[in-house]
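The values are calculated or read from the model by the stated rules, or taken from the named source; none is laboratory data. The shown structure was predicted, so the numbers you read here are calculated from the model rather than taken from an experiment. Positions of Cβ are backbone-derived with ideal geometry, glycine not excepted, and every protein chain shown enters the neighbour counts. Areas reflect the complete protein model, heavy atoms only, side chains present, ligands, DNA and RNA absent. Shrake-Rupley method; radii C 1.70, N 1.55, O 1.52, S 1.80 Å.
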Amino acid sequence: MGKTCLILAFGAVFPAIAGMVGPGALTGLPGLPLSEVPGPGELCVRTGFGYVHTGGGSNRLEIPFAACMGFEGEYEAGAVLSVRCPEGASARISDITLSGAMLYETARGGSSLKLTGSLFLPTGEEAFDPGAGIAAGTVTSTTFRMFRFSAAGEYRLHGGQSPWKARWEDSAAFSFGGVSYLGEMVSVFTSVSGDSRGTLELTGGASLEPWRELLLDLILTVDMADHGGIAGALGLSWSFRGGSEP
């Protein structure tokens with residue numbers, strides 16, 4: 001399914017605070033969901049600029065746009081899409097993902113459990129995107145001193161780019177990994193993610209938070225299900241805090 005990619009990205013992560021933008025535009029790291037939710041009224045936006053060379057030899061530029069917002073300290077909602085510029089072709093829009101989550105339970109020691117759901121809108125192209133779909137899952141995270149471990153599982157139904165005509169198929173997805181805080185401004189992270197359709201990716205990177213609201217990071221992702229392909233990207237993420245500061 002997946003083209004093998006090495007992804008070098010300067011993206012959007014907030015390792016020290018809630019409001020990080022991860023998979024599905026919910027709280028998390030690149031390739032790794034986290035069980036936190038943003039504070040009430042807190043909005044986090046993400047963009048970037050990337051170059052992808054796939055195992056099949058094709059090249060494209062990608063500009064992602066994502067936003068995530070918290071509600072009442074227990075809920076969050078997000079949306080994400082990408083603008084793609086394939087080599088020798090005009091710009092195209094990817095599938096749109098709409099996601100929501102509820103913080104189900106928290107425990108002493110920094111552990112928590114979050115319930116998630118997503119809706120995939122088939123606005124992209126079959127060569128790049130899975131098309132229509134829905135998903136439901138859970139995310140759990142816990143802290144060991146300066147290390148945050150997280151694991152997630154998700155059940156998905158896929159309808160392709162023509163959901164009214166296609167036969168829907170199901171799959172299971174997973175991800176696990178963690179982030180290590182090296183100080184107030186720097187952290188490193190890694191994750192493994194995949195699904196029953198044959199994808200498997202290894203992601204690692206480091207992030208820098210020069211200001212409280214702004215964070216930059218550098219990531220490397222290897223698609224272990226196939227071989228070949230490389231990509232790079234630059235980006236940033238900005239958090240707009242709701243309410244008054246403590």
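The charge dipole of the chain, taken about the Cα centre with unit charges on the Cβ atoms of Lys, Arg (+1) and Asp, Glu (-1), comes to about 140 debye, rounded to the nearest 20. The stretch 18-58 and the stretch 102-170 have Cα centres separated by 13 Å.
The chain: longest stretch without exposed chymotrypsin sites (Phe, Trp or Tyr not before Pro) (DSSP loop, at most 10 other Cβ within 10 Å), sites themselves excluded?
1-163
Calculate the translational D of the chain in whole µm² s⁻¹ from Stokes-Einstein, where the hydrodynamic radius comes from the Kirkwood formula applied to all Cα pairs, the temperature is 10 °C and the viscosity 1.306 mPa s.
Working: Rh = 18.0 Å.
Calculated translational D: 88 µm²/s.
What shape does the stretch 76-134 take by its C-alpha gyration tensor, where a ≥ b ≥ c are the square roots of the eigenvalues and a/c under 1.5 counts as rounded, a/b above b/c as prolate, and the rest as oblate? In terms of gyration-tensor shape, prolate.
Say the dipole of the stretch 139-246 comes from +1 at the beta carbon of Lys and Arg and -1 at that of Asp and Glu; which of Gly235, Ser141, Ser171 then lies farthest toward its positive end? Going by the charge dipole, the pick is Ser171.
Provide the net charge surrounding Arg156, with neighbours chosen by a C-beta distance below 11 Å and charges set as Lys +1, Arg +1, Asp -1, Glu -1.
Working: positive: Arg197; negative: Glu154, Glu169, Asp170, Asp195.
Its environment carries a net charge of -3.
The residues of the chain have, on average, 49 Å² of accessible surface per residue, using a 1.4 Å probe with all protein chains present. Computed from point charges on the beta carbon alone (+1 for Lys and Arg, -1 for Asp and Glu), the dipole magnitude for the stretch 112-224 about its Cα centre is near 360 Debye.
With every protein chain kept in the model, how would you rank Thr221, Thr138 by accessible area, 1.4 Å probe, largest at the top?
Details: Thr221 10, Thr138 60 Å².
Listed by decreasing accessible area, they come as Thr138, Thr221.
Here's the picture: charge each Lys and Arg Cβ at +1 and each Asp and Glu Cβ at -1 in the chain, and of Leu220, Gly55, Phe71 the one pushed furthest to the positive end of that dipole is Gly55.
For the stretch 125-246, rounded, prolate or oblate, judged on the Cα gyration tensor with a ≥ b ≥ c (square roots of eigenvalues), a/c < 1.5 rounded, else prolate if a/b > b/c?
Working: a/c = 1.86, a/b = 1.71, b/c = 1.09.
Cα axes put the stretch 125-246 in the prolate bin.
The value of relative contact order for the chain, using C-alpha pairs under 8 Å at least six residues apart, is 26 percent.
Counting other Cβ atoms within 10 Å, which trypsin sites (Lys or Arg not before Pro) in the stretch 59-161 have at most 10 and lie in a DSSP loop?
Arg108, Arg145
When only the Cβ of Lys, Arg, Asp and Glu is charged (+1, +1, -1, -1), the dipole of the stretch 19-113 relative to its Cα centre reaches about 380 debye.
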